[in-house]
Amino acid sequence: MKKLNELLGIKYPLIQGGMANIAMGEFAAAVTNAGGLGLVGAGGMTVDSLRENIRIAKDKANGPFGVNLMLMHPAVDDMAQVVLEEGVKIVTTGAGIPSKYMDDWKNAGIKVIPVIPSCAMAKRMAQLGADAVIAEGTESGGHVGELTTMTLLPQVVDTVDIPVIAAGGIASGRQLAAAYALGACGAQIGTCLLVSEECPIHDNYKAAVIKAKDSDTIVTGRTTGAPVRVLRNQMAREYVKKEKEGVDKMELEQLTLGSLRRAVFDGDTKTGSLMAGQVAAQLKEIRPVKDILESIITECDEVIAGLQ
Ligand SMILES: Cc1cc2nc3c(=O)[nH]c(=O)nc-3n(C[C@H](O)[C@H](O)[C@H](O)COP(=O)(O)O)c2cc1C
């Protein structure tokens, strides 16, 4: 089996998750320059700012980078066109099925890698011609499915013939080694990069991630069909309480309106949406992206050698 780094022409088999409002061009370039695959996250951007951030990444990255498109974004048709016009070579997709863009992207030689939460979606994406899938477990930060990485990953590996990338709950070499054991060719990571020096989130957000304990994340939005894993704070507690009371969707939306931006830009740890995965508790310090990636790879090699 080919490793993800060989498939994508990068040093390490690690993709940086396309985090909305966080994965700007400069950050994507920093991850690529550290040996991973940086992604510009189009969620939270306009068509123009996506183009601008792709150009920043192009200018600053000394290797391949990609774009993450959220398919429920109202401007996704135009964004799908921007990736073509800007010559982007790798696109990951979330929250939907990219059928209508597939022919144009494939004709342009773009590698298409959808994020999927189930075997049925993995199968569908493989039939559409996806080059690989990212099987994302519910441990991850941000929008989540139901299945854990431990259960989803091997089932997806047994379902499709294309490479499978693990996501959700990976922040150490031990976890990457486990993902390999389950059949993955590499991993997508998000939460552990929030505490990198280069990550452009507010210091309060980074401090909250570092302070988090193992059971400090919670999923909001299960009742509205848009579950999101965040750090437990005033907003999240209130949201889940209101969900239990059965308040209507509009009232719930008032709580989350602009909440990711409040966390990322204002450092509002009370009413902001501090998206983070269950690995937050493993993260103890702020380090350069390069150190984070290298320590995952080094530990993974040691663990695999130890098992043999
Ligand atoms: C703050 C945050 C925002 C995220 N936003 C997005 C997004 O816009 N699009 C997407 O496909 N995934 C998003 N994700 C998921 C990541 O791309 C990645 O799959 C996930 O973080 C991996 O799991 P981990 O958090 O356990 O490392 C986000 C994750 C975090 C932590």
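Results, tabulated for the structure shown:
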| item | result |
| --- | --- |
| Count of the stretch 173-227 residues which are at positive phi, surrounded by fewer than 18 Cβ atoms within 10 Å (Cβ to Cβ) and out of contact with any helix residue (DSSP H, G or I) (no Cβ under 6 Å at 6 or more places or on another chain) | 1 |
| Any hit, the stretch 116-129, residues being under 15 Å from residue 36 (Cβ atoms) and either of a type in the set (Val, Ile, Thr) or surrounded by fewer than 24 Cβ atoms within 10 Å (Cβ to Cβ) (or both) | no |
| Selection within the stretch 130-141 - in a loop (DSSP other than H, G, I, E, B), within 12 Å of the ligand (Cβ to nearest atom) and either open to solvent by 10 Å² or more (accessible area, probe 1.4 Å) or polar (S, T, N, Q) (or both) | 138, 139, 140, 141 |
| Pairs where the first residue, in the stretch 45-62, is touching a residue at least 12 places away in the same chain (Cβ under 8 Å) and the second is buried (at least 16 other Cβ atoms within 10 Å of the Cβ) and of a type in the set (Ser, Thr, Tyr), C-beta under 9 Å, 6+ apart | 57/32; 60/32; 61/32; 62/32 |
| Selection from the stretch 69-102 of residues that are part of a loop (DSSP other than H, G, I, E, B) and modelled with pLDDT under 95 | 71, 72, 73, 74, 75, 95, 96, 97, 98 |
| Leading residue by the ranking (nearest to the ligand (Cβ to nearest atom)) among those in the stretch 92-124 that are within 17 Å of residue 186 (Cβ to Cβ) and out of contact with any Asp or Glu (no Cβ under 8 Å at 6 or more places or on another chain) | 92 |
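A quick yes/no check of all residues on (1) within 19 Å of the chain's Cα centre (by Cα); (2) hydrophobic (A, V, I, L, M, F, W, C); (3) within 11 Å of the ligand (Cβ to nearest atom):
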| residue | (1), (2), (3) |
| --- | --- |
| 233 | no, no, no |
| 244 | no, no, no |
| 255 | no, yes, no |
| 261 | yes, no, no |
| 266 | no, no, no |
| 270 | no, no, no |
| 283 | yes, yes, yes |
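The values are calculated or read from the model by the stated rules, or taken from the named source; none is laboratory data. Bear in mind that the values here come from a model prediction, so they are computed numbers and not experimental data. Positions of Cβ are backbone-derived with ideal geometry, glycine not excepted, and every protein chain shown enters the neighbour counts. Surface areas here come from the heavy atoms of the whole protein model, side chains and all, with no ligands, DNA or RNA. Shrake-Rupley method; radii C 1.70, N 1.55, O 1.52, S 1.80 Å.
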